[in-house]
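S.K.: Here's a structure for you.
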Amino acid sequence: MRNNRNFATIQTLMGALLFICALVFYYFSVLTIDYRDTNLLDLGQSDATHYFAQAKALLKYGLPSVQIGYDKMPSLWPAGYPALMLPWLKILPQTDSILAPFRTNQTIGLLLLFAVFGFYLYLAMPLTGGFAALLLATLPGFFTFCRSPLSDISASAFVALAFMFAYLGLKEKRRWKIYLSAAFLGLSLNIRLQSFFFVPLLFAMTLFPVKGARVRWLLHCLAVPIVFALAASPLLVLNTIQFHSPLQTGYGYYLNPVLTKVAPFSWRYIPDNAAMLWRELALRPQKYTAVNQFGTGTCFVAAFILLACVGVFFIRLNRFVICAFSAGLSFFALIISFPVNYLGYYLPLLMLLVALAVLPVTWAVENLVLPKRTIASLAIFVLFAAAALGYPSRSVDARLKADRLQSWEALHFSTRPRQSAEFIAQRRFIESVGQAGGLVFSDISPVYLNALFPPGFVAAPLDGKRYTQWRHVVHYDDAQAVALAKLNLHRSVPVYALFISTKEVDEKGSRLPNASGYQWMPAKDAKGDAVILRLTSTQ
C-alpha cells in the first residue's frame, strides 16, 4: 500500500515538473515576444486585419464590421474570434489596442495548457498530463498560432474542450458533460466554419448506455443537436442580419464569383493537399504562410507523427474512441479535399493527436525497468525527446539544412527587428495632425487604418486596385476617390494622404485623387519617416 502511495506521489511530482517545463517553454517562446519592436504589427490586407477591425466595431457599435472609406461592410470571416478580443481591448490602452489579437491568442494558449494538465489530473493521471502539456507546448503549430493574430488557435481550443467533455461524459456516464461538449463544438463554429466537420462527435449521446425508457434516450439524442445549434446561433443570427439568411456567410458574400466556378470539396484537391502534408513530414520547403511569418516555418515534425502512430496500438476500443475517430476522420477527409492548401486547417487534429502521442510514453515509464520491455521503452523515449525538441526539422530559411531543433528555434524566434512601417506611419500621422479629424487617402489597408484611427478620421484607398476581385461588393475606384475628396473639401474637412516613405510617394503618388483648384502639399508638422500630404487650395 505504501509503495503504491510512493509511486503515486512520484508520478504527481514528475507530472508537475513536466508541466512547469511546459509553462517555462511557453513563457519564453510566446509570452516574452515584444510585438512593438517587430513588423508583426503590420496586419496588411490579411485575415488578421478583418478580425481586429471587427473587434473594434463590436466594441464601438455592437455589431462586427469593416470600414472602407465611409462604407461599413460585413467581413469575410466569422466574428467569434473578434468577440474573444473584447476583454483585451478594454484592458489595453487605446495606443496599444493593436496588441489585442496577439494577447488573446497568448491567453488562450496558456489557458489550454492548464486545461490539458487539469484534465489528466482530474483523471488521476498527473504524469500523463505532464507529458501531454509538454508535447502540446512544444508542438510547432501550437506555439506558432499562439503568437499570431489569427483565429486558428481559438477555434482549436474549443474543439479540444469538446473532445475532453465528450470523453468525460461517456467515461463517467454523465449526460450533462456531453451537452457541454456539444456547446463547445457549437461555439467553435462561430470562430471557424470548418469546425462543423467534427460534428460526428455529437454521436456520443447516441452511444450513451441505455438505461430505462428508450424514449428518454431518444429525447437526449434529439436535444444534443439543439444545444449545438444554440451555441452556434450567434453566427446564424449575425448571418441573418448581415446577409438576410442564416446559411449565407461572408465567404459566399465576397467569394461568390469564385465559388460558383470551383467545387467546395473534390477528390481533385487531395493530391495537392497530400503533397503539402508530405513536404512537411519529409522536411521539404513549403510555400510562405503564417507558419513562416509567426513561427519557425514548421507546423509539425515527423517524430511527433510517429509517436502518435505508435499510440494507436495502445488504444482500447470503446464508445468514445468510435466517436472521436469518426469525427477526426470526417474532419480530415473534408479538409484534405478542400481547394485551399493551408496547414493551419490541420491544427485541431494535431492538437488532438497529443492524446494519442502520450499513450506510449506513459507505457514506457511504467515498463522501463522490465527487462523484456526496456529497449522498446527507450525507443519510445527517444521518439518523445525528438518530438519535444522538434528534431529533425526545417527552419524558416529554406537554405539551411533540415537538422533544426524546433524548441531552440522557438526560444530564439527572430523578432523581425524592423518595426512595422505601416503601424508607425499611422501613429506619426496622429501625432502630426492631432485629433481634429479628416479624410486620409493611403495605400495602407483602409480596414487596418480605420480600426486604429481615433474618431473623426476616415481612411480611404487611393483607388480600387486592391479590390478588383471584389468589384461586386466594393464599388470604389478613381471616380469615387475624387468625389470623396471633393465632398470633404466642400464640407471644410481636411483631406490628407499618408505614405510610409518618400519611395512610396514616388511610386504611388500619381494615384492620388485630384480636385481643381487644389494641390497636394507636404503637411507642416510631419514627424518621422512617414510622409503626410494635405490637399491644399492653390488660391
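S.K.: Quick one: Pro360 ticks every box in (1) surrounded by 22 or more Cβ atoms within 10 Å (Cβ to Cβ); (2) of a type outside the set (S, T, N, Q); (3) under 22 Å from the mean Cα position of the chain (by Cα) except a single one, so which number is it?
M.R.: Exception for Pro360: condition (3).
S.K.: Here's another thing I want to ask about it. Picking from Pro264, Pro271, Pro257, which residue would you name as being at negative phi, in contact with a His (Cβ under 7 Å, 6 or more places away or on another chain) and of a type outside the set (D, E, K, R)?
M.R.: On inspection, the qualifying residue turns out to be Pro257.
S.K.: Here is a further query. Within the range 469-479, identify whether any single residue is buried (at least 20 other Cβ atoms within 10 Å of the Cβ), at pLDDT 90 or above and under 27 Å from Ile98 (Cα atoms), and answer yes or no.
M.R.: The initial filter retains those residues of the range 469-479 that are buried (at least 20 other Cβ atoms within 10 Å of the Cβ), namely 476.
Now restrict to residues that are at pLDDT 90 or above: none.
The answer is no, given that none of the residues of the range 469-479 is buried (at least 20 other Cβ atoms within 10 Å of the Cβ), at pLDDT 90 or above and under 27 Å from Ile98 (Cα atoms).
S.K.: Among the listed residues Val24, Val30, identify the single one that is among the hydrophobic types (A, V, I, L, M, F, W, C), part of a helix (DSSP H, G or I) and either touching a strand residue (DSSP E or B) at 6+ places or on another chain (Cβ under 8 Å) or surrounded by 21 or more Cβ atoms within 10 Å (Cβ to Cβ) (or both).
M.R.: After applying the criteria, what remains is Val30.
S.K.: Further question: With the requirement that a residue be touching a helix residue (DSSP H, G or I) at 6+ places or on another chain (Cβ under 6 Å), over 17 Å from Asn341 (Cα atoms) and assigned to a helix (DSSP H, G or I), what does the range 260-305 give you?
M.R.: Listed by number, the residues that qualify are Phe294, Ala302, Ala303, Phe304.
S.K.: Pairs please, first residue from the range 411-436 and at pLDDT 80 or above and outside any helix (DSSP H, G or I), second anywhere and buried (at least 19 other Cβ atoms within 10 Å of the Cβ) and not hydrophobic (A, V, I, L, M, F, W, C), Cβ atoms under 6 Å, 6+ apart in sequence or on different chains.
M.R.: Correct list of pairs: Ser420/Asp42.
S.K.: With the requirement that a residue be under 39 Å from the mean Cα position of the chain (by Cα), of a type in the set (D, E, K, R) and surrounded by 13 or more Cβ atoms within 10 Å (Cβ to Cβ), what does the range 480-516 give you?
M.R.: Result: Glu504, Lys508, Arg511.
S.K.: Then there's this: If Leu207 satisfies every condition in (1) over 27 Å from Pro264 (Cβ atoms); (2) free of Cβ contacts under 8 Å to residues at least 12 places away in the same chain; (3) not aromatic (Phe, Trp, Tyr) but one, which is the exception?
M.R.: Among (1) over 27 Å from Pro264 (Cβ atoms); (2) free of Cβ contacts under 8 Å to residues at least 12 places away in the same chain; (3) not aromatic (Phe, Trp, Tyr), Leu207 violates only (2).
S.K.: Looking at (1) modelled with pLDDT of 90 or more; (2) among the aliphatic types (A, V, I, L, M); (3) under 19 Å from Gln426 (Cα atoms), which one does Ala526 not meet, given that it meets all the others?
M.R.: So the condition that Ala526 fails would be (1).
S.K.: For Pro101, which of the numbered conditions (1) over 30 Å from Leu238 (Cα atoms); (2) assigned by TED's automatic domain parsing to the domain that holds Ala132 fails to hold?
M.R.: Only one criterion in (1) over 30 Å from Leu238 (Cα atoms); (2) assigned by TED's automatic domain parsing to the domain that holds Ala132 is unmet by Pro101, namely (1).
S.K.: Which one of Tyr35, Tyr27, Tyr61 is at pLDDT 90 or above and under 20 Å from the mean Cα position of the chain (by Cα)? Break it down stepwise before answering.
M.R.: On the way: Tyr35 fails: at pLDDT 90 or above; Tyr61 fails: under 20 Å from the mean Cα position of the chain (by Cα).
Just a single option satisfies the conditions, and that option is Tyr27.
S.K.: Okay, moving on. Within the set of pairs 6 or more residues apart or between chains, which connect a residue that is at positive phi inside the range 46-64 to a residue that is of a type outside the set (Phe, Trp, Tyr) and not in a loop (DSSP other than H, G, I, E, B) with Cβ atoms less than 7 Å apart?
M.R.: none
S.K.: So, one more: Can you tell me which residue is farthest from Ile430 (Cα to Cα) among those in the range 64-108 that are hydroxyl-bearing (Ser, Thr, Tyr), crowded, with 22+ Cβ neighbours inside 10 Å and modelled with pLDDT of 95 or more?
M.R.: It comes out as Tyr81.
S.K.: To continue, here is another question. Are there any pairs, at least 6 apart or on different chains, whose C-beta atoms fall under 6 Å, with the first in the range 210-232 and at negative phi and the second not in a helix (DSSP H, G or I), and if so, which?
M.R.: Trp217/Val210; His220/Met205; Cys221/Met205; Cys221/Thr206; Val224/Met205
S.K.: Of Arg316, Arg279, Arg284, which residue is within 20 Å of Phe163 (Cβ to Cβ) and either assigned by TED's automatic domain parsing to the domain that holds Leu150 or touching a residue at least 24 places away in the same chain (Cβ under 8 Å) (or both)?
M.R.: Arg316
S.K.: Please specify each residue of the range 231-259 satisfying the condition of being surrounded by fewer than 16 Cβ atoms within 10 Å (Cβ to Cβ), modelled with pLDDT of 90 or more, in contact with a helix residue (DSSP H, G or I) (Cβ under 7 Å, 6 or more places away or on another chain) and assigned to a helix (DSSP H, G or I).
M.R.: Phe243
Table: residues versus (1) of a type outside the set (Asp, Glu); (2) assigned by TED's automatic domain parsing to the domain that holds Leu207; (3) surrounded by fewer than 19 Cβ atoms within 10 Å (Cβ to Cβ); (4) touching a Pro at 6+ places or on another chain (Cβ under 8 Å).
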residue: Ala308; (1), (2), (3), (4): yes, yes, no, no
residue: Ala327; (1), (2), (3), (4): yes, yes, no, yes
residue: Asn341; (1), (2), (3), (4): yes, yes, yes, no
residue: Leu352; (1), (2), (3), (4): yes, yes, no, no
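S.K.: Same structure again: Would you mind stating whether Arg373 is more than 21 Å from the chain's Cα centre (by Cα), of a type in the set (Lys, Arg) and modelled with pLDDT of 90 or more?
M.R.: Considered against the rule, which asks whether it is more than 21 Å from the chain's Cα centre (by Cα), of a type in the set (Lys, Arg) and modelled with pLDDT of 90 or more, Arg373 comes out as yes.
The values are calculated or read from the model by the stated rules, or taken from the named source; none is laboratory data. All of these numbers come straight from a predicted model, not from anything done at the bench. Cβ atoms come from the backbone with ideal geometry, glycine included; neighbour counts cover every protein chain shown.
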